[in-house]
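Bear in mind that the values in this text are calculations on the coordinates, not laboratory data. Every value quoted in this text rests on a predicted model; they were computed, and no experiment measured them. Glycine gets a Cβ as well: all are built from the backbone with ideal geometry, and neighbour counts include every protein chain shown.
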């Protein structure tokens, strides 16, 4: 393999800063508890870090919903040029992205037609526990 996948961070915005710095806003874990569905993000961003890229590669993101969940097909792709001795980064911004129902969504990264990583993003319905009236002081 001509690339080494390191990690992905999910967040609500990515900002390019002066001097080549990048700021990630609203970093999300890999599990969200939500009250209502669909859960819509004005922007759902993925910040991907690769190791050294030794040859030009084509990266595709596949989002696999839980069984029985229908969602729009999203398959963004990017070409990354070889960068000897440099850690590479990819940034994917999905606008008006919706998780229609609860479940485990798989974000699959494919490089040159080979799956190199699958990251699970769990979205669950938050159900507040009912506190009996006798327990409230």
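Just checking the listed ones, 51, 103, 20: in the Gaussian network model of the chain with Cα springs under 10 Å, the one fluctuating most is 20.
Taking 124, 108, 17 as the candidate residues, the one with maximal mean-square fluctuation in a Gaussian network model of the chain, Cα springs under 10 Å, is 17. Radius of gyration over Kirkwood radius for the chain, both on Cα atoms: the Rg/Rh ratio is 1.08. Report the FRET efficiency, 1/(1 + (r/R0)^6), for residue 75 and residue 21, where r is their Cβ-Cβ distance and R0 is 35 Å, rounded to 0.05. Taking R0 as 35 Å, the efficiency between residue 75 and residue 21 is 0.75.
Name the residue, out of 40, 86, 18, whose mean-square fluctuation peaks in a Gaussian network model built on the chain with Cα pairs under 10 Å. Comparing 40, 86, 18 in a Gaussian network model of the chain, the most mobile one is 18.
For the stretch 11-68, what class follows from the C-alpha gyration tensor (a ≥ b ≥ c being the square roots of its eigenvalues): rounded when a/c is under 1.5, otherwise prolate if a/b is larger than b/c, else oblate? Oblate, because a/c is 1.5 or more while a/b does not exceed b/c.
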